[in-house]
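K.L.:
Quick one: this structure, given as structure tokens, is what I'll be asking you about.
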Amino acid sequence: MKFLKYLIIVTLVLNCSKESENNERWNVDVSKIEVNTDVVDISDDFYNLQMSIPEFRKKYPFYLDADYPDSEYDKQRRDTTELNIYAQIKQKIDSKKIKSDMTNLFRHIKYYYPDFKEPKVFLYSSFIQDYLAPVTYVPEQNYLFIASDCFLGYGNKYYDLMKIDRYLQRTMDPSFLSSKAAGTIIKKMSWIPGELTAQSFISQMIYQGKILIMEDAFLPDTDDCYKLGYTKEQIDWAKSNEFEIWNFFIQNNYIFSDDISLADRFLSIAPFSKFYTEADAKSPGQIGNWIGWQISRKYLTENPKVSLQEFIKNPNHEEIFARSKYKPQQTGNNDQEEQ
């Protein structure tokens, strides 16, 4: 298969330039939408030895395991490594900025979904145990938990000590916090129908595309790479190879396939997508999510009178695909190709 335009990746560090594909649809005035964003750093009290564990439990009854002895928690909050990690949190995590960013996010959500009630935000240190799910939304209690220690920045020594893969570390930076919070809320709410008219690969791609479209709406000033966790170079690779990726899916009859292995190959978090060709070495993971995003954007461009809410609640993703008129064009940039 001829595939893969060369791109030279100069650095592994996320370099996200201002190339958001935001359109005028998402430029809305939310300044008059009232929200009361309350941000509490639980760890301030947990690592405060002046507060006993029983007092801490009383203040935060939802936080500690009731069956875990107080004496063990007391040892934990005196642990040198944990204290060093928390010292880095205090140095690198700006709670005032988090409050500002969450206020902006909640205002945009309420613009489209006025019944949404902004959650109380709790910051905490997980001893870097929650890096795969650093944001937790509990709508029943209206709480949003953020593991601050999972946003200390790419290449943090504690991330390396825990042998966290570098492709995951790229998103463990404060710049990704708002997007991860938005994505967590979107996935937890029932805005996107869980019951779809088809379980085809195209339907699954558009499902993921809908999540990213909602992030477009809720975070209109946030650049694309933060929403999907791509580097600038990976975004460029996806754009340069969009025609080839789509052609690959068509040639292999993947579009309307219900093969469950396609989700693992192209939709799951991974260091690269699994074409099982030379493209794997260059491709970013979740390339199917990116394609689903472009289809969703094309649909909204082709159907400008369809509201965000109407688009999101439409369970017929194959119809959305047909009405999107999605057909990526060959770039015409005949860079060197690998055979």
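Just so it is clear, none of the values below were taken in a lab; they were calculated from the coordinates. In this text, all values refer to a predicted model and were calculated from it rather than measured experimentally. Cβ coordinates were reconstructed from backbone atoms using ideal geometry, including for glycine residues, and neighbour counts include every protein chain displayed.
K.L.:
Per 10 Å bin, what percent of the C-alpha pairs of the range 30-188 does each bin hold, from zero upward?
P.N.:
10, 38, 34, 16, 2
K.L.:
How do Lys210, Lys232, Lys327 rank when sorted from fewest to most other Cβ atoms within 10 Å of their own Cβ?
P.N.:
Final ranking by Cβ density, sparse to dense: Lys327, Lys232, Lys210.
K.L.:
Which lysines does Lys92 reach when only Cα atoms under 17 Å apart count, and residues fewer than 8 places away in its own chain are ignored?
P.N.:
Lys157
K.L.:
Determine the relative contact order of the range 30-188: mean sequence separation of Cα pairs under 8 Å and six or more apart, normalised by residue count, in whole percent.
P.N.:
Once normalised by length, the contact order is 25 percent.
K.L.:
Across 10 Å bins from 0, what is the distribution of all Cα-Cα pair distances for the range 241-339, in whole percents?
P.N.:
With 10 Å bins starting at 0, P(r) equals 13, 43, 33, 10, 1.
K.L.:
Straight-line reach only, C-alpha to C-alpha below 22 angstrom: list the lysines that Lys110 could link to, leaving out same-chain residues fewer than 8 apart.
P.N.:
Excluding near neighbours in sequence, the set is Lys32, Lys96, Lys97, Lys99, Lys120, Lys180, Lys187, Lys188, Lys210, Lys227, Lys305, Lys313.
K.L.:
Sorting check: for 234-240, 194-200, which peptide has the highest mean count of neighbouring beta carbons within 10 Å, and how do the rest follow?
P.N.:
234-240, 194-200
K.L.:
So which DSSP H runs in the chain come out at 15 Å plus along the axis (Cα) with average Kyte-Doolittle of at least -0.5?
P.N.:
Sorted by number, the helices that extend far enough and score high enough are 177-188, 201-218, 287-302.
K.L.:
Further question: When the helices in the chain are scored as -39500 (n - 2.57) per DSSP H run of 4 or longer and the sum is shared across all residues, what 222 nm value do you end up with, to the nearest 500 deg cm²/dmol?
P.N.:
Only helices count here, giving -12500 deg cm²/dmol.
K.L.:
Pull out a ≥ b ≥ c, the square roots of the eigenvalues of the alpha-carbon gyration tensor of the range 36-93, then state rounded if a/c is under 1.5, prolate if not and a/b is larger than b/c, and oblate in the remaining case.
P.N.:
Oblate is the answer for the range 36-93, as a/c is 1.5 or above yet b/c matches or exceeds a/b.
K.L.:
Another question, if that's okay. Place +1 on the Cβ of every Lys and Arg and -1 on the Cβ of every Asp and Glu in the chain, take the dipole about the Cα centre, and give the residue among Val39, Leu228, Ile53 whose Cα lies farthest towards its positive end.
P.N.:
Val39
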